[in-house]
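Where a number appears in this text, it was derived from the coordinates with a stated rule and is not lab data. Given the structure is predicted, the values throughout are model-derived calculations rather than measurements. Here Cβ is always computed from backbone atoms with ideal geometry, including for glycine, and neighbour counts include all displayed protein chains.
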Amino acid sequence: MTCSPAIRTPTRHDWSRAEIQELLALPLLELLWRAQAVHRAVNPGYKVQLASLLSVKTGGCEEDCAYCPQSMHHSSDVAGRPELEVEPVLARARAARDAGAHRFCMGWAWREIRDGAPFEAMLQMVRGVRELGLEACVTAGMLTDRQAERLAEAGLTSYNHNLDTSPEHYDRIITSRTYQERLETLQRVRQAGISMCCGGIIGMGESLDDRAGLLQVLANLDPHPESVPINALVAVEGTPLEEQPPVDPLELVRMVATARLLMPSSRVRLSAGREQLSREAQILCLLAGADSIFYGETLLTTGNPDVEADRELLAAAGVQPWP
Ligand code: SAM
Ligand code: DTB
Ligand code: SF4
């Protein structure tokens, strides 16, 4: 057990599910006050990191993730967009930087990274994004030790690979790969010295116990993932989850606050689902512990608030983009 110098709360990796359930179910203001104490202590001079997302290879994915419009198993499959080449990707990264982004995240709708021309192009993209002075994050499915090493050599800051939900709920959402495979990929990322971006989604019909279960697995990773995206399901027509009711925004606030309490020094990202949130709900999420948002009109295939709305959001909250 280590102690963050900024706070007296110990950083733990032995959370029980019952403890986490208790936090998630606290009276809302009590949960917020506790989370805020940690949030303030670890983030002096609080700033929000703006991360831009770009889908490099869209759709046609072999996996059957029930939430995802890019799975070839769903009628929503958005395949058909050409895979982007290095130069246009770097042009988008430059534009994102000029608009104020500090991190550039690139997605590939793959089950796993394959060697060959597309992987060589990915490495060039990573190098190019880093040369622009941006953090670079890639999300592209499973990878081998050697691929992780090569991504690290190219300067990759972070690899995104979400656990999505609890181990128990997982099989109801994805059948084409296992939780264990997800954990092994994360281990390879760590081994290569790349920082880990790992979180999940709420609003997929999971119970409170499942939410606690996801947070338990994340918080008991040692060290904690440096980056924890918390997504609210974007229910896309044609996916098996198209009829899921929208999550109560206060549930998202609870999830963010609990993530902040469990993983004090991690960057907690308020991710998909912001388009459906009021300005006030988003500000509550920032207050609860989020210190990053996705910035730019699209996520991978779905919408995100436009840049102007996000500038106004931050101005209304009185916070600056990071650094
Ligand atoms: N194929 C890679 C993988 O699954 O790791 C990378 C791309 S995948 C689209 C990245 C993440 O986006 C998923 O792990 C999931 O958490 C999130 N995601 C995908 N569709 C979503 C949706 N409809 N709503 C919320 N989050 C979603
Ligand atoms: C993450 O957790 N959320 C982002 C990022 N990591 C790659 C992706 C959200 C995707 C939402 C659905 C879409 O736009 O296709
Ligand atoms: Fe493929 Fe990733 Fe979508 Fe799953 S979440 S279907 S792995 S692109």
Residue of 138, 38, 307 that the Gaussian network model of the chain assigns the largest fluctuation, springs spanning Cα pairs under 10 Å: 307
Alpha-carbon radius of gyration plus Dmax, which is the widest Cα pair, for region 15-92 in Å: 20.6, 50
Alpha-carbon radius of gyration plus Dmax, which is the widest Cα pair, for region 212-302 in Å: 13.4, 38
Calculated P(r) of region 35-160 - Cα pairs past 24 Å, %: 36 percent
Under the Karplus curve 6.51 cos²θ - 1.76 cosθ + 1.60, θ = phi - 60°, whole-Hz ³J(HN,Hα) for region 86-99, x wherever Gly or Pro sits: 4, 4, x, 5, 5, 5, 5, 5, 4, 5, 5, 4, 5, 7
Residue 98 versus residue 81: modelled label distance in nm, points set 7 Å from Cα along the beta carbon direction: 2.1 nm
Charge-dipole axis of the chain as Lys and Arg at +1 and Asp and Glu at -1 on Cβ define it, positive-most pick from 107, 55, 264: 264
Order by protection proxy (mean Cβ within 10 Å, highest first), peptides 226-236, 308-318: 226-236, 308-318
Rounded if a/c under 1.5, otherwise prolate or oblate - region 96-232, Cα gyration tensor axes: prolate
Cα-based Rg and Dmax for region 83-130, where Dmax is the largest Cα-Cα distance (Å): 11.3, 33
Rounded to 5, percent antiparallel among DSSP beta bridges of region 30-316: 5 percent
All-pairs Cα distance distribution in the chain, expressed in whole percent, bin size 20 Å: 33, 62, 4
Only Lys, Arg (+1) and Asp, Glu (-1) charged, at Cβ; region 39-158 dipole about Cα centre in debye: 600 debye
Net charge dipole size for the chain [Lys, Arg +1 and Asp, Glu -1 on Cβ; Debye, nearest 20]: 1080 debye
Label-point separation in nm, residue 111 to residue 251, each point 7 Å along Cα→Cβ: 3.1 nm
Exposure proxy order (Cβ contacts within 10 Å, fewest to most) of 81, 92: 81, 92
